Amino acid sequence: MSWHVIWDNAAWLLEGFWVTIQLTASAVSIGLFIALILSLLTLSTHRFYRWPAEAITFFFRGTPLLVQLFLVYHGSGQFRHELDAIGLWSYFREAYFCAVFVLALNTAAYSSEIFTGAIRSVDKNQIEAGRAVGMTSFILYRRIILPQALRIAWTGYSNEIIFIMQATSLVSIITVLDLTGVAGRIISKTFAIYEVYIAIALLYLVITYTMVFIFSRIEKRLNRHKA
């Protein structure tokens with residue numbers, strides 16, 4: 001095996017490594033915000049609010065991520081004039097934006113289900129007690145519901161973050177040079193298939209278990225009252 005290929009392309013692999021981190025951070029940050037909105041809409045008693053949220057969740061949980069990437073990246077070109085009219089074509093023609101857009105919506109759909117279940121699991125007696133002392137819905141969510149829902153949802157949500165990080169490897173299909181995309185370019189030049197894929201597998205392991213360590217520390221902090 002020609003391991004010198006890894007050292008010769010270490011700087012390029014490091015660039016792909018940081019692109020993977022950036023994609024994950026951007027998708028998770030945007031996806032978290034969307035997921036909370038979808039969860040609240042799903043819990044609404046009004047069908048006008050609930051049905052759109054359920055439709056978004058239904059689509060993004062029911063179709064493969066790769067198909068979603070193709071639909072947005074390749075399909076948006078068919079609506080170039082409409083997107084250009086509202087000033088969005090300059091974004092949708094960029095592969096990186098399409099990758100973040102799809103990853104954020106995909107993780108939002110799965111995360112919203114996790115948060116919805118967690119919110120429903122919060123003790124109803126505490127909610128009734130909060131209402132009895134005159135708390136508004138906003139204060140009730142901020143002080144009672146969301147903090148407890150976060151503790152309940154954390155294990156499932158942290159696994160979802162790790163999943164979406166690993167799913168970033170698919171964006172190389174739409175020309176984004178993440179870790180997997182860079183590996184493909186190096187292999188096309190050197191034909192060092194095993195060396196390169198072993199190297200990026202190790203890098204993904206580093207990212208994954210670093211995240212596992214951080215999430216486990218956060219989980220202990222969230223549940224320190226149970227110690």
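Worth pointing out:
- In summary, the chain shows an alpha-carbon radius of gyration equal to 1.21 times the 2.2 N^0.38 Å reference for compact globular proteins.
- Region 81-220, accessible surface, carbon-and-sulfur percent (1.4 angstrom probe): 63 percent
- Based on DSSP H segments of at least four residues, each scored -39500 (n - 2.57), the chain has a per-residue ellipticity at 222 nm of -25500 deg cm²/dmol.
- Per-peptide packing, taken as the mean over residues of other Cβ atoms within 10 Å, places 142-155, 50-63 in the sequence 142-155, 50-63 from highest down.
- Per DSSP, loop GluC sites (Glu not before Pro) in region 55-118 with at most 16 further Cβ within 10 Å: GLU94
- Using the Cα coordinates of region 105-227, the gyration tensor eigenvalues translate into equivalent-ellipsoid semi-axes of 42, 16, 8 Å, sorted from longest to shortest.
- Separation of alpha-carbon centers, region 55-70 and region 84-100, rounded to whole Å: 19 Å
The values are calculated or read from the model by the stated rules, or taken from the named source; none is laboratory data. None of the values given here were measured: they were computed from a predicted structure. Note that each Cβ is placed from the backbone with ideal geometry, even for glycine, and that neighbours are counted across all protein chains shown. The accessibility values were calculated without ligands, DNA or RNA, using every heavy atom of the protein model including side chains. Shrake-Rupley method; radii C 1.70, N 1.55, O 1.52, S 1.80 Å.
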